[in-house]
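The structure follows.
The values are calculated or read from the model by the stated rules, or taken from the named source; none is laboratory data. In this text, all values refer to a predicted model and were calculated from it rather than measured experimentally. Cβ atoms come from the backbone with ideal geometry, glycine included; neighbour counts cover every protein chain shown.
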């Protein structure tokens with residue numbers, strides 16, 4: 001997994017659990033004092049160990065932490081890829097264009113990068129059918145990012161998960177609706 005995720009996870013842990021919580025989370029996850037640089041790739045297992053540690057510390061379920069983390073990192077991701085986002089876009093527009101703009105650039109700049117594959121189809125002016133696929137099965141992070149994007153644009157969204165890889169589906173499918 002790309003180092004930027006680890007950098008943001010560290011910020012998230014320190015913000016939500018308190019200053020210095022990252023060190024304790026690393027230790028609890030069995031990762032010692034490992035340092036994660038934003039420009040390198042690291043084993044996916046490290047993220048899962050860190051999130052499991054945060055779950056033990058907070059008592060929250062892993063999917064809840066992942067979704068909260070997704071919402072937390074949305075502003076940083078929007079800032080990182082702001083030159084690819086059209087100024088007239090809102091939440092659903094960005095979802096429709098993520099794969100062709102942001103993810104294609106991520107893959108081109110980092111040949112080993114494996115961002116989730118997204119298919120977004122505008123079903124109605126206020127509704128996008130979003131399909132998420134990743135071997136990592138981090139669909140809660142995707143839901144959180146959608147919520148964070150909506151918050152950025154001052155929009156309220158509902159996300160109805162129609163299918164999920166965690167219940168046997170080949171991909172996660174969500175209906176994302178912007179409230180009027």
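Here are some conditions: (1) under 28 Å from residue 177 (Cβ atoms); (2) at pLDDT 95 or above. Residue 76 meets all but one. Which one does it not meet?
Condition not satisfied by residue 76: (2).
What are the residues in region 1-33 that are outside any helix (DSSP H, G or I), more than 21 Å from residue 68 (Cα to Cα) and modelled with pLDDT of 95 or more, if any?
Across region 1-33, the qualifying residues are 30, 31.
With respect to residue 96, determine if the residue is out of contact with any helix residue (DSSP H, G or I) (no Cβ under 9 Å at 6 or more places or on another chain) and in a helix (DSSP H, G or I).
Numbers: out of contact with any helix residue (DSSP H, G or I) (no Cβ under 9 Å at 6 or more places or on another chain): yes; in a helix (DSSP H, G or I): yes.
In short, yes.
Still on this structure: May I ask you to list the residues in region 77-91 that are assigned to a helix (DSSP H, G or I) and more than 18 Å from the chain's Cα centre (by Cα)? Let's see the steps before the verdict.
Keep residues of region 77-91 that are assigned to a helix (DSSP H, G or I), which gives 77-80, 82-84, 91.
Of everything in region 77-91, just one residue is assigned to a helix (DSSP H, G or I) and more than 18 Å from the chain's Cα centre (by Cα), namely 83.
Follow-up. Against the definition (under 23 Å from residue 51 (Cβ atoms) and modelled with pLDDT of 95 or more), how does residue 169 come out, yes or no?
When the stated conditions are applied, residue 169 passes them.
If you don't mind, another one. For region 69-93, which residues satisfy the criterion of being surrounded by 20 or more Cβ atoms within 10 Å (Cβ to Cβ), in contact with a helix residue (DSSP H, G or I) (Cβ under 8 Å, 6 or more places away or on another chain) and more than 10 Å from residue 145 (Cβ to Cβ)?
91
Tell me which residues, restricted to region 115-136, are farther than 20 Å from residue 101 by Cβ and modelled with pLDDT of 95 or more. Talk me through it step by step, then tell me what you get.
Here is the first cut: in region 115-136, the ones farther than 20 Å from residue 101 by Cβ are 123-127, 135-136.
Passing the criteria: 123, 124, 125, 126, 127.
Filtering region 16-48 down to residues that are out of contact with any helix residue (DSSP H, G or I) (no Cβ under 9 Å at 6 or more places or on another chain) and more than 15 Å from residue 3 (Cα to Cα), which residue is surrounded by the most Cβ atoms within 10 Å (Cβ to Cβ)?
Taking the candidates together, the pick is 23.
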